[in-house]
Amino acid sequence: MTSALEILVDADACPVKDEIYRVADRHQVAVVIVSNSPFRVPDHPLVSRVVVSDAFDAADDYIAERTSARTVVVTSDILPVSYTHLTLPTTPY
């Protein structure tokens, strides 16, 4: 069995959060909003919020550590991730 898709959002400066929520709801995909300051997210079972420290790149690091082949990452940053640890699925999504 394959794990479910997940959307990780570097949300501090993300201008498309509302669009992400709508797409995630339509396709029943979990969304994790990652930021270094708390702010409102929709009260929805598919949406969760993680507040990281205000250390430099803390949100980027959190996202990079949790990224897999079944993760969609929304960020304006370039994540310095080595993708050698990812295993691509053998079946279509």
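Selection over region 58-75 of residues that are loosely packed, with under 11 Cβ neighbours inside 10 Å and either touching a Pro at 6+ places or on another chain (Cβ under 9 Å) or among the hydrophobic types (A, V, I, L, M, F, W, C) (or both) gives a count of 0.
The set of residues in region 58-75 that are touching a residue at least 12 places away in the same chain (Cβ under 8 Å) and part of a helix (DSSP H, G or I) comprises A58, A59, D60, Y62, I63, A64, R66.
Rundown of residues vs (1) at pLDDT 95 or above; (2) among the acidic types (D, E), yes/no style:
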residue	(1), (2)
S3	no, no
E6	yes, yes
A11	no, no
K17	no, no
V32	yes, no
V47	yes, no
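The values are calculated or read from the model by the stated rules, or taken from the named source; none is laboratory data. Keep in mind it's a predicted model, so treat the numbers as computed, not measured. Cβ coordinates were reconstructed from backbone atoms using ideal geometry, including for glycine residues, and neighbour counts include every protein chain displayed.
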